[in-house]
1. Please figure out what share of the DSSP beta bridges in the chain is antiparallel and state it in percent, rounded to the nearest 5.
2. For the pairs Lys88/Lys346; Lys63/Lys346; Lys233/Lys387; Lys80/Lys211; Lys211/Lys451, flag any whose C-alpha to C-alpha distance is greater than 31 Å.
3. I need the GluC sites (Glu not before Pro) found in the range 329-394, filtered to DSSP loop residues with at most 12 other beta carbons within 10 Å of theirs.
4. For the range 61-87 and the range 134-206, compute the distance between their C-alpha centroids and round to whole Å.
5. Of all the accessible heavy-atom surface of the chain, with the other protein chains kept in place and a 1.4 Å probe, what percent is carbon and sulfur?
6. Which value at 222 nm does the chain reach when only helices count, each DSSP H run of 4 or more adding -39,500 (n - 2.57), with the total divided by all residues and rounded to the nearest 500 deg cm²/dmol?
7. Give me the distance in nm between label points sitting 7 Å out from Cα along the Cα-to-Cβ direction at Ala241 and Asp296, one decimal.
8. Once all Cα-Cα distances of the range 196-311 are split into 10 Å bins that start at 0, what whole-number percent is in each one?
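The values are calculated or read from the model by the stated rules, or taken from the named source; none is laboratory data. Everything numeric here is computed off the predicted structure, so don't read it as measured data. No Cβ is skipped: glycine too gets one built from the backbone with ideal geometry, and neighbour counts run over all protein chains shown. Protein only, heavy atoms only, side chains kept; ligands, DNA and RNA dropped before computing areas. Shrake-Rupley method; radii C 1.70, N 1.55, O 1.52, S 1.80 Å.
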Amino acid sequence: MRTHGCQMNVHDSERLSGLLEDAGYARAAAGANADVVVFNTCAVRENADNRLYGNLGQLASVKAVQPGMQIAVGGCLAQKDRETIVRKAPWVDVVFGTHNIGHLPALLERARVQEEAQVEILESLEVFPSTLPTRRESAYAAWVSISVGCNNTCTFCIVPALRGKEKDRRTGDILAEVEALVAEGVVEVTLLGQNVNAYGQDIGDRQAFGKLLRACGSIDGLERVRFTSPHPKDFTDDVIAAMAETPNVMHQLHMPLQSGSDTVLRAMKRSYRQERYLGIIEKVRAAMPDAAISTDIIVGFPGETEEDFEQTMHVVREARFAQAFTFQYSKRPGTPAAEMEGQIPKAVVQERYMRLVALQEEISWEENKKQVGRTVEVLVAEGEGRKDQHTDRLSGRAPDSRLVHFTRPVEGVRPGDVVTVEITYAAPHHLLAEGAPLGVRRTPAGDAWEKRQAAPVGTKPAGVMLGLPTVGVPAPLPTADVPSCR
């Protein structure tokens with residue numbers, strides 16, 4: 001399983017893995033050739049198409065010498081391109097969209113029997129995806145969908161056209177899933193939605209999301225609750241109060257800005273302005289002074305002037321984000337922005353982008369330096385620290401989601417356990433705790449991880465990061481051995 005893009009795609013891939021296992025497929029062992037390779041694609045970035053077709057091209061030679069191998073392409077790019085994928089890569093067996101992921105096993109079987117590609121794209125959701133079997137990638141942290149689709153009309157975004165109108169899930173079903181996860185050992189959940197804090201629009205309750213956060217607070221054994229991604233237009237004082245008052249809701253907020261210019265926000269059809277955005281940040285900080293706030297920013301939107309860009313820089317200075325996911329505007333066919341006048345030259349966009357990144361790096365480092373000397377509880381993670389084996393450290397996330405590398409404790413510690421450490425050093429993107437840990441707490445999540453490790457080789461899922469997934473695709477597939485599903 002190869003996943004491109006956002007957290008929604010990461011969770012959809014968990015469902016696709018669950019569906020395949022439920023249908024009798026087994027995860028390919030590391031280093032073995034897989035019989036089925038599934039790409040779950042993203043259509044947000046302009047180079048998404050090139051990367052997909054590049055990966056598919058690399059697999060063509062593998063499939064040529066491996067009779068019976070099947071390749072499936074799903075997700076947002078599949079929903080958008082449909083028959084184009086099979087025309088450009090005729091060795092693809094199945095193309096499916098965002099609304100019918102539950103059909104993948106049947107489509108693979110139909111393609112095998114009929115010996116021809118199957119393309120099935122539905123225009124609306126049949127069933128809420130959370131009713132499907134799910135193969136969770138982590139034993140200790142889980143994604144939980146509370147809604148799908150989006151009712152906004154941002155001019156740069158193609159997602160509403162591919163994911164459909166917002167559809168909320170019943171609160172009781174959400175809480176039942178969270179309780180079941182906790183019973184299995186999960187200690188952290190992230191509530192997911194394309195516009196997560198608009199939850200409740202189906203029933204006309206603007207306070208439904210705050211109520212959901214408070215309800216999560218009453219689930220015994222659930223230690224950390226996060227959510228992503230909210231929209232400033234739906235961010236109410238009640239949500240801020242729920243975050244501040246509910247002990248297991250983390251003081252961490254990812255709040256997309258996109259631009260600091262009112263003119264550009266208007267062109268983007270973002271229904272808030274700079275003053276409203278900074279007002280939310282001010283209220284969050286007043287209620288939770290320790291809150292770590294991150295954001296998304298687009299540089300070079302059509303018509304953006306130097307003055308508009310300086311307004312974005314102003315908001316970055318005022319908001320003092322712990323982290324910012326910055327993007328150069330990417331023209332997407334099918335979006336209103338792609339047809340707008342005033343497309344910005346690449347060189348101008350790049351120069352502004354570099355200035356923004358430099359400013360945010362400086363702020364991130366300054367904000368991280370304020371953490372030095374603090375004592376924090378770190379949820380030990382799997383796969384977060386790329387250099388851990390060489391440094392004899394472990395890694396994990398603090399309650400505010402900052403990445404912490406810490407000295408390996410003398411006593412055994414497992415992913416999912418909690419380690420108390422003192423921060424001794426700060427870098428722009430991580431913190432270090434170089435002294436001996438102050439305490440280790442073994443958890444049911446660690447027990448669940450240990451139990452999963454004892455499973456037969458080839459059935460254990462790969463680790464998954466606790467932080468926001470990197471936007472983009474994994475490393476290119478090799479030309480010979482097909483990697484195992486992940």
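1. Percentage antiparallel, nearest 5: 35.
2. Table pairs above 31 Å Cα-Cα are Lys63/Lys346; Lys233/Lys387; Lys80/Lys211; Lys211/Lys451.
3. For GluC sites (Glu not before Pro) across the range 329-394 that sit outside H, G, I, E and B with at most 12 neighbouring Cβ atoms in 10 Å, the list reads Glu341.
4. Here the two parts' Cα centres lie 28 Å apart.
5. The computed percentage sits at 52.
6. -10500 deg cm²/dmol
7. So the two model labels end up 2.9 nm from each other.
8. 13, 41, 30, 13, 3, 0
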